[in-house]
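First the structure, in the form of structure tokens, and then the observations on it.
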Amino acid sequence: MATANKSNLPVIADLSEFDNDSGTFLERLVFNSRPVVVGFCLIVTLVLGYQATKIELKAGFEKMLPETHPYVINYQDNKFDLTGLGNNLRLAVETKGETIYEPEFLEVFEHISDQVFFVPGVDRVGMKSLFTPNTRWKIVTEEGFEGGPVVPDGFDTSPEMIERLKLNVQRAGIVGDLVSNDARSASILIPLLELHPETGNPLDIYHFSTQLEELRDKYQSVLFKNITHADPNEELSHNVVIALEEGFGSDSEHSDLKVHITGFAKIVGSLIDGMVSVMAFFLVAIVIAAMLLYLYTRAIQATLIVILCTVVAVVWQIGILATIGFELDPYSILVPFLVFAIGVSHGAQKLNGVIQSIANGTHHYIAARYTFRQLFLAGVTALLSDGVGFAVLMIILIPVIQDLALTASIGVSVLIFTNLILVPVLLSYSGIRQKAVDHASNLPEKPEDAHGLWRFLLLFTERKGATIAIAGGVALAAMGIVVSQNLQIGDLDPGAPELRPDSRYNRDVAYMNANYSTSSDIFAVIVKGEQDSCIDHEVLSLADELEWRLLELQGVEDVRGLNTRTRQMLSGLNEGYIKFNTLFRNQDTINYSVTELTPLGFVNLTCSIWPMIVYLEDHKAATLTSVVETLDAFSAEFQSPKVEFLGAAGSAGFEAATNIVVEKANREMMFWVYGAVMLLCLLTFRSLAGVICAVVPLMLTTILCEALMVWLGIGIKVATLPVIALGVGIGVDYALYVLTVILAKERQGIPLKQAYFETLMFTGRVVALIGVTLAAGVITWALSPIKFQADMGILLTFMFLWNMIGALVLMPALAHFLLKPKPAQP
């Protein structure tokens, strides 16, 4: 004889009494064809598992750029005339001796320069070092201008040649650029090609970074004594080879050289190297989730089913990406973590539903069908909300974020099969061990018999508790809004904020900044006019005006351009007298200075495009904002048909463009995320009051998360922008699983307190469990060597916990005032 449980579903212990044609069409399709469903999932897992082994970790420079921003468009339109202002590296070799002007150092440095020159992917035309022919000096003498390469022809390491080199370095004005201010290191500027010159494929940034690391390790083991003891009659390169062979493997701390490398390719290399630790954190998250889920359910077999199905979802996701030709980059590599987190949340709800039904006396097959029937719609809606949260990121026109959005959307989609369908199907086969059933059977029947925590939560369904909760939420929101006004766009720290301050890359950046006048943070204004506009006095005068305005800004170290070089040449034509360091109005003089005396690289061949290089102390948001505002104000004030001063190339120029896009997208993204979530909630709940109850706690969490970012010194940028959107998408899962049950019971005429109690005993307890489980899984990221992963771990932990608190505290408090139970039906 069947009885009814609290969900108004009959308790059927005998499988023969169950009507297999009951339930929705999808339920019948799934459970009446269980072998087909399991077989299909097994085959797909094997196929996509094989495909997943082909996934690659890559990161392209172009993918980091906001492709539709005017700065990037300007650069793309003129990049062939702007050599060395795209994806650049700078490699500095530091001697532990007195200066670089020692025979042993110069021999090794030439060898390094030659080896870097022949690394596939280096733009050899734009590469510069002491030993490249495009590094030249020029001076004015009584007989006119003289010049030549900085390293003289026929250079050897004799004292006379070294003295000439030292003089030429001063003449070329490269101290602080290619030679450090203290003359204890020399650097190589390494512009990179977009395509590999041998294969024609996009340059593999990580592989290139690895090649440079091999060079670093090789030369940081060199000992000068081995060069000194080499046969002086042998060729220079042979001496260095001997030094490398004899010095190789020595402790780099006791070697005579130290190599520093900065640039985008090295950041990517460091991030991908850190992916090994990311995999370790993934395993830790799996173990933590399995342990907590088992402690909650006492069902080891069922726990393993949930974890296994969730891992299968991650395998499907990666396999699909590999199949369609996508790679994982250092930003999207974290998406499988989020998919796993979401999957565990939904799988745990299904497991809990099956256990509850079996504890009521229902056969395990029927319990699985009941759980599917009760929670599938809420699960699909939650996953759709997650998917919308991810998909909305597509509006941010930065390819790396769009790839992340696509990767995450695919992952969420496969969860519908693996966790909403496969989990209950497998549980319908395995059933639940009696130990777990007995553990679930101990649930209290009345609110007064519940655990102290549940009785505390029930207080928020009463007027006093609800009022206190809402007042507290309002106070927290007000505080969060005030603090979040200081939230900044972009990086707030020098170096690469994606990495730890003490990482080797950031130590290299600190060395460069301390020892070189020209920083790696370059904002290049693109000066573009008609043919021969570079010799127009008006154009050069406007460039002078912009130069002086930029030099007045805090954070600007130096400004160099064709106008600067022209003034220097005109001064040289007049015996170097500083009074003549200005622009003459005599056209012939300007023509001679620009066309005859200016080295290649300052202007293109048609004399129409040249970069004005702005060297910045850092790439912090405030520094970039001041430069952008100054450029915009100048362009608005001085408009000439002869010339345009366009933003921008260089690393800082691209970052400024990214900041502008991120700032605009931030609010748009939140508008669309919340709009989509509210629409889905409305379709699910069929109640405007229910939508308010679900969304208000999410909004509070978003506000507090932004305040937390201010306190932690985290800006909104490419790495952190998706976090808040993801937090909203995942957080709405809690609301759906709790509020769906409350509304169903409210429509049955059950008072709010009793309805909330029964919800806590059904899905609410699992919401608390999952909130803690997910937070425990991602808080371990705080230990990651990759700082942006650590930041994401802290922010996601905060959002997981606060979304849980909002669903269990603030939502029932709002429901007290907004939801009114319908009269019970007779």
Practice problem: Might you work out the accessible area of F25 for me, using a 1.4 Å probe with all protein chains in place, and round it to the nearest 10 Å²? | Solution: 140 Å²
Quiz prompt | Amide H within-cut-off set for L203, under 5 Å, with H built and near neighbours excluded | solution = L195, H196
Quiz item: Under a 1.4 angstrom probe, counting protein chains only, how are R164, R369 ranked by accessible area, largest first?
Solution: R164, R369
Quiz item: So what's the net charge close to D521: Lys and Arg +1, Asp and Glu -1, counting the other residues with Cβ under 12 Å from its Cβ?
Solution: -4
Quiz item: Which value, in Å² rounded to 10, gives the accessible area of V315 with a 1.4 Å probe and all protein chains present?
Solution: 40 Å²
Quiz item: Which pairs break 21 Å Cα to Cα here: K63/K128; K620/K664; K63/K258?
Solution: K63/K128; K63/K258
Quiz item: What residue among L453, V380, W548 has its Cα farthest toward the positive end of the dipole of the chain, where the charges are +1 on Lys, Arg and -1 on Asp, Glu, each on the Cβ?
Solution: L453
Quiz item: So who's got an amide H within less than 5 Å of the one on D558, skipping anything under 5 residues away but keeping other chains? H placed 1.01 Å off N, in plane.
Solution: Y615
Practice problem: With the Cα gyration tensor of region 738-826 in hand, convert its eigenvalues to equivalent ellipsoid semi-axes via √(5λ) and list them largest first in whole Å. | Solution: 36, 11, 7
Self-check item: Ranked order, E706, E67 - accessible area, probe 1.4 Å, largest first
Solution: E67, E706
Self-check item: Residue-by-residue Karplus 3J(HN,Hα) for region 387-399, coefficients 6.51, -1.76, 1.60, Hz, glycine and proline x
Solution: x, 5, x, 6, 4, 4, 4, 5, 6, 7, 7, 10, x
Self-check item: Hz values of 3J(HN,Hα) by residue in region 653-662 - Karplus curve (6.51, -1.76, 1.60), Gly and Pro given as x
Solution: x, 5, 5, 4, 4, 4, 4, 5, 5, 5
Quiz prompt | Computed accessible area, E163, all protein chains, 1.4 angstrom probe, square angstrom | solution = 100 Å²
Self-check item: Rounded to whole Hz, the Karplus (6.51, -1.76, 1.60) HN-Hα couplings of region 483-490, x for glycine and proline
Solution: 5, 5, 5, 8, 5, 10, 9, x
Exercise. Tell me which residues come under 5 Å, amide H to amide H, from K717 once H is placed; ignore anything under 5 positions away on its chain.
Key: G490
Practice problem: Kindly sort R500, R567, R585 by accessible area of their heavy atoms, largest first, with the probe set to 1.4 Å. | Solution: R585, R500, R567
Quiz item: Over the chain, what is the relative contact order in whole percent, taking alpha-carbon pairs under 8 Å and six or more residues apart?
Solution: 17 percent
Quiz item: Given +1 on the Cβ of Lys and Arg, -1 on the Cβ of Asp and Glu, and no further charges, what dipole in debye does the chain carry about its Cα centre, rounded to the nearest 20?
Solution: 5240 debye
Self-check item: Dipole of the chain, positive direction: furthest Cα of G480, F762, M612, with charges on the beta-carbon
Solution: F762
Self-check item: Listed candidates (i) 1.18; (ii) 0.94; (iii) 1.09 - label of the one calculated as Rg/Rh (Cα atoms, Kirkwood Rh)
Solution: (iii)
Quiz item: Under the Cβ-under-4.7 Å rule, which cysteines of the chain stay unpaired?
Solution: C41, C309, C681, C693, C705
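The values are calculated or read from the model by the stated rules, or taken from the named source; none is laboratory data. It should be emphasised that the depicted structure is a prediction, and the values quoted were computed from it without experimental measurement. Every residue, glycine as well, gets a Cβ built from its backbone with ideal geometry; the counts of neighbours run over all protein chains shown. Just so you know, the surface numbers come from the protein's heavy atoms only, side chains and all, with ligands and any DNA or RNA stripped out. Shrake-Rupley method; radii C 1.70, N 1.55, O 1.52, S 1.80 Å.
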